[in-house]
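Just below is one structure, and these are the notes that go with it.
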Amino acid sequence: MKNKEESKRTRNASNPQSEEEPLINEKPSQALQQKQHQQQLASASDSESDSDYEDSSEAGDSGQSLSESEASESGSSGDEGIANSDDNGLDDDHGQEDQSNSSELHQGAEESDSSEDEVAPRNTIGEVPLEWYKDEAHIGYDLGGKKIKKKERQDKLDSFLASADDSKNWLKIYDEYNDEEVEVTRKELRLVRRLLKGKAPHADFDPYAPYVDWFKWDDAKHPLSNAPEPKRRFIPSKWESKKVVKLVRAIRMGLIKFDKPKEEQRFYPLWGDDSSSTEKANHLAYIPAPKPKLPGHEESYNPSLEYIPTQEEINSYQLMYDEDRPKFIPRRYISLRSIPAYDNGVKDIFERCLDLYLCPRVRKKRINIDPESLKPKLPSRKDLKPYPMTCYLEYNGHKDAVMSISIEASGQWVASGSLDGTVRIWEVETGRCLRVWEIGEAVKCVAWNPLHELPILAVSAGQDVLLLNTGFGDEEEQKKIKEILHVETSKTPDDSGNKIPIVSWLQDDKHEGIRLRHFKTVSSVEWHRKGDYLSTVMPAGESRAVLIHQLSKKHTQRIPFKLHGLPVSAVFHPTRSIFFISTKKNVRVYDLWQQKFIKKLETGLREVSSIAVHPGGDNVIVGSREGKLCWFDMDLSSQPYRILKCHPKDITNVAFHRSYPLFASCSDDCTAYVFHGMVYSDLNQNPLIVPLEILRGHTSSNGRGVMDCKFHPRQPWLFTAGADSVIKLYCH
């Protein structure tokens, strides 16, 4: 400091005008002090950004101390400017005045709160959208009325590389309105950060300023009121408590209902029509009144002759009802003057006014829908050929209703059982009857062994199941069959330990086979795919209603599952050790290998009559006594995938084809329906079901129609057995 004072004295001694020069630099020093004072405030606000708000007095004191220290430095700099004043002359004086003016303008700009006051917009087009200038070479006009030309667009790759190299790129914002890049200053960045934190933009703002009571002052002699404070201001109001109790009771009783808050729709149809939205339906929209029908040629005073009715037509109008009678009958007049007054004119106008006033009008959107578009798009039947269409052959010989048929594994022979007590074997291609067995009792079911080398036929008649040797095959096969169909002694195995035997294995010398004698009537017989096991169903057998017999060991066992309801039929799975048992209401699926219950198929039908399993094993069709056919997808759900209402009467049987995508159903209405049922290997694609043909030809007998239907194992042929004792073959 001592060196500075000595330098000042030497400068004053060398320059005699130095005493007058400080008067000239007085304004710049004051402006500089104010500017430095504001900068110190801003820096103080940055250093204390952790706290919400700063104390303005402390910031002021620190700012004053800093300004005093900087004023001394500005004085020294001013002295240095005075030492060089001889070289600059009057130009320095003008420059100092310009500097003072600019500092004052800058101070006024900093004190302003509006950013629009600081910098005027370069583009003066106002609210005009920039899209209007997209095809022009300019984007607007400046204050002088000159066009502001668009800048050349930089390549996106070059701009990206330039932005990556620029460290201040995150502070730059592109202003489309003025077509320029604006860089955010540090002060503006501090304001934005304070606003994001929920603080006041300016650091010297005090949100907790002391309250100023405008009705109290120190020198007040006469208060506004000398009345003492009433007691009710300190005691809770009884009236308010009673009112609250009433409101609470009204809310509990439901007399007061609050409006539910409107829930914003999270998802909405992107291409939906807004005309049916609920927002527009809240208010009444103007609906114009329907216009009356305009007059036509028949209402002319001089219509054409074809519009004028004859006397016979006028007489016929008198015989009509008032509703059907035409309200206006055309007549011809020479001129308008000869037209008489309309008798019902006042009445028609009055009815029109009543219609406009009383008739409620509702805006209804007219939907033009093509009826053909509502039908499911199914493939053409020509593309789904081959399938059975016409009757090719009839097999006559039975004297009563044919209850069951079965086709041999090779497809050469067909077996049939009838109520006349006979079992017949027919040749498929010729219709010739090869063999007849007299059972002596009504035959309910016949089933051929699925193995071609074991042509054994199972027949259920009453309480017996007969295993017959059909006689087909060579000598080795016949020898093997005779060994299988030989029973040394009567076997009565019983797993439960009861005295009553379940099944008796007896040798039947009359028919050269085996007789399985059950304790109840057997309704159906089904073979396993391996040909060594067969299942029998006795609806009245209770816990022993379903039995499984092993032919090689002459052994019988009941299934280790509890039956829920009366069983109707039982079917083996075509590829796995799964067993299907259908009761009158449901279908239960069991695993015989692991001896556990797998699934229950809910049919929802009144009474189940038959069941068939797809060769793939994952789809099941169920027929019912009410004419409905249910398709189940085992992998999809336990509910029906499709319910087909095809027959007006009871469905007697359903069947799948082994190789073709066909299935059929027969009913007591003397018809058989053939369907296309394609099952895809893709799990995302549902089965395709298409009705193909209705096969007719059987006649009704005692209220019964077609009793059974079976597909040929190799060809798309269908065999049907009717109550009219006829077997029909339908071919493609």
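The values are calculated or read from the model by the stated rules, or taken from the named source; none is laboratory data. In this text the structure is predicted, and so the values were computed from the model without any measurement. Cβ coordinates were reconstructed from backbone atoms using ideal geometry, including for glycine residues, and neighbour counts include every protein chain displayed. Surface accessibility is based on the protein's heavy atoms, side chains included, excluding ligands, DNA and RNA. Shrake-Rupley method; radii C 1.70, N 1.55, O 1.52, S 1.80 Å.
Here PHE632, PHE719, PHE711 are screened, and the one residue that is over 30 Å from the mean Cα position of the chain (by Cα), within 29 Å of GLU602 (Cβ to Cβ) and buried (at least 21 other Cβ atoms within 10 Å of the Cβ) is PHE711. Within segment 186-242, the residues that satisfy the criterion of being of a type outside the set (D, E, K, R) and within 53 Å of the chain's Cα centre (by Cα) are LEU189, LEU191, VAL192, LEU195, LEU196, GLY198, ALA200, PRO201, HIS202, PRO207, SER241. Against the conditions (1) free of Cβ contacts under 8 Å to residues at least 40 places away in the same chain; (2) in contact with a Pro (Cβ under 7 Å, 6 or more places away or on another chain); (3) buried (at least 17 other Cβ atoms within 10 Å of the Cβ), SER624 satisfies every one except (2). Residues in segment 335-375 that are in a loop (DSSP other than H, G, I, E, B) and of a type in the set (Ser, Thr, Tyr): SER335, SER338, TYR342.
Taking segment 601-621 as the range and being of a type in the set (S, T, N, Q) and either closer than 15 Å to ILE689 by Cβ or open to solvent by less than 10 Å² (accessible area, probe 1.4 Å) (or both) as the test, the residues that pass are THR603, SER610, ASN619. As for segment 704-722, it holds at least one residue that is at pLDDT below 90, of a type in the set (D, E, K, R) and within 21 Å of VAL423 (Cα to Cα). Pairs are defined by a Cβ separation below 7 Å, a sequence spacing of at least 6 or placement on different chains, a first member in segment 492-512 that is at negative phi and modelled with pLDDT of 80 or more, and a second member that is open to solvent by 50 Å² or more (accessible area, probe 1.4 Å) and of a type in the set (Val, Ile, Thr); the pairs so defined are SER504/THR492. Inspect segment 218-235 for any residue being part of a loop (DSSP other than H, G, I, E, B) and surrounded by 11 or more Cβ atoms within 10 Å (Cβ to Cβ) and give the result as yes or no. No: segment 218-235 contains no residue that is part of a loop (DSSP other than H, G, I, E, B) and surrounded by 11 or more Cβ atoms within 10 Å (Cβ to Cβ). Selection of segment 583-620 for residues being hydroxyl-bearing (Ser, Thr, Tyr) and over 18 Å from SER523 (Cβ atoms) yields TYR590, THR603. The residue that is nearest to ARG714 (Cα to Cα), among those in segment 363-395 that are open to solvent by 100 Å² or more (accessible area, probe 1.4 Å) and in contact (Cβ under 8 Å) with a residue 12 or more places away in the chain, is LYS385.
Using the structure shown, decide if GLY431 is under 20 Å from ASP724 (Cα atoms), modelled with pLDDT under 90, in contact with a Lys or Arg (Cβ under 8 Å, 6 or more places away or on another chain) and open to solvent by 10 Å² or more (accessible area, probe 1.4 Å). No. Note on segment 188-206: residues that are farther than 30 Å from ILE139 by Cα and either of a type outside the set (A, V, I, L, M, F, W, C) or open to solvent by less than 60 Å² (accessible area, probe 1.4 Å) (or both) amount to 13. Scanning segment 696-732 for residues that are assigned to a loop (DSSP other than H, G, I, E, B) and among the hydrophobic types (A, V, I, L, M, F, W, C) returns TRP717, ALA723. Being of a type in the set (A, V, I, L, M), surrounded by fewer than 22 Cβ atoms within 10 Å (Cβ to Cβ), modelled with pLDDT under 90 and under 35 Å from the mean Cα position of the chain (by Cα) holds for only one residue in LEU692, LEU683, and it is LEU683. I need the full set of residues from segment 602-612 which are at pLDDT 90 or above and within 32 Å of the chain's Cα centre (by Cα), in order please. Hits for segment 602-612: nothing passes.
For segment 642-660, what are the residues that are in contact with a Gly (Cβ under 7 Å, 6 or more places away or on another chain) and either open to solvent by 40 Å² or more (accessible area, probe 1.4 Å) or over 18 Å from CYS670 (Cβ atoms) (or both)? Residues satisfying the conditions are LYS645, PRO648, LYS649, ASP650. Does at least one position in segment 229-237 carry a residue that is of a type in the set (A, V, I, L, M, F, W, C) and touching a Pro at 6+ places or on another chain (Cβ under 9 Å)? No, segment 229-237 contains no residue that is of a type in the set (A, V, I, L, M, F, W, C) and touching a Pro at 6+ places or on another chain (Cβ under 9 Å).
Strands (runs of 3 or more DSSP E) fully within segment 592-679 that include at least 2 residues being over 27 Å from MET389 (Cα atoms): 596-602.
If the condition is being in a helix (DSSP H, G or I), open to solvent by 100 Å² or more (accessible area, probe 1.4 Å) and at pLDDT 85 or above, then segment 244-284 contributes LYS246, ARG249, ARG252, MET253.
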